[in-house]
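Here the structure comes first, spelled out in structure tokens, and everything after it is commentary.
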Amino acid sequence: MQNIVILVSGSGSNMAAIVRAAERDNWRKLHDARIAAVISNRPDAGGLKLAAAEGIRTDVVDHKRFDSREAFDAELARHIDAHQPALVVLAGFMRILTPGFVARYEGRLVNIHPSLLPAFPGLHTHQRALDAGCRFAGATVHQVTAELDFGPILAQAVVPVLPDDTAATLAARILTQEHLLYPRAIADLLPAL
Ligand code: GAR
């Protein structure tokens, strides 16, 4: 069985979309894969409740308890490795990862970012796309490398930017696409792991 561990920091809507797709498309049978655990760096992350409601194991490694990124990442890795994951999925996991952590999961660590990378890595992507006058925006699923929001692109979704868009309306349009894109990208990746 290929274990998937999902890391979240916030509402966890991408995680929930992946969990729903795994159920709907029977990843256990099709890919011999299952969502083994959802881990958050924030005890109050909404995603934890959603995951628990789906019967998935949840775990917290609170980054505030650590005085360095290295110490936090080492403990996080210990919690992840307890599940012997074939794939680690960052789904709104808002932490900068140390090079050591990224190297440990090389080739089996993926992220979704709400922009058409390599445009707009980092934060405030939607407002930055609006400020730049972009006519199109979107989301990118990519392998994680040591550089923030970089690494080989696995899949992208494109949405139009509409004349009266705000960062919030654009974010909502992109998020709807993220929920389709991320499960599909993961399902495509599983046979190759
Ligand atoms: C998503 O839009 C995701 O692309 C973004 O955070 C949101 C999480 O929402 N991730 C990043 O900005 C990572 N750089 P969710 O918790 O509802 O899935």
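Some values worked out for this structure:
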quantity: Stretch gain in nm, segment Ile96-Thr166, where the contour uses 0.36 nm per residue and the Cα spacing is subtracted; calculated: 22.5 nm
quantity: Radius 15 Å from Cβ of Ala33, net charge of other residues (Lys, Arg +1; Asp, Glu -1); calculated: +3
quantity: Long-range tail of P(r) for the stretch 83-180 (Cα pairs > 15 Å, %); calculated: 59
quantity: Probe 1.4 Å, accessible area per residue of the chain, Å²; calculated: 50
quantity: Principal-axis tilt of helix 13-24 within the chain, Cα atoms, nearest 10 degrees; calculated: 60
quantity: Sites Ala71 and Lys29 - FRET efficiency at Förster radius 30 Å, r taken between beta-carbons, to 0.05; calculated: 0.15
quantity: For the chain, the spread of Cα positions along each principal axis, largest first, Å; calculated: 48, 42, 30
quantity: Of all accessible heavy-atom area on the chain, the percent that carbon and sulfur account for (1.4 Å); calculated: 54
quantity: Part-to-part distance (alpha-carbon centres) for the stretch 121-193 and the stretch 52-115, which is given in Å; calculated: 20
quantity: Helix-only CD estimate at 222 nm, as mean residue ellipticity for the chain, using -39500 (n - 2.57) per DSSP H run (n ≥ 4); calculated: -11500 deg cm²/dmol
quantity: Helix axis angle, 69-81 relative to the chain longest principal axis, alpha carbon, degrees; calculated: 60
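The values are calculated or read from the model by the stated rules, or taken from the named source; none is laboratory data. What you see is a predicted model, and the numbers here were worked out from it, not measured in a lab. Counting neighbours? That spans all protein chains shown, and the Cβs are built from the backbone with ideal geometry, glycine included. All accessible areas refer to the heavy atoms of the entire protein, side chains included, with ligands and DNA or RNA removed. Shrake-Rupley method; radii C 1.70, N 1.55, O 1.52, S 1.80 Å.
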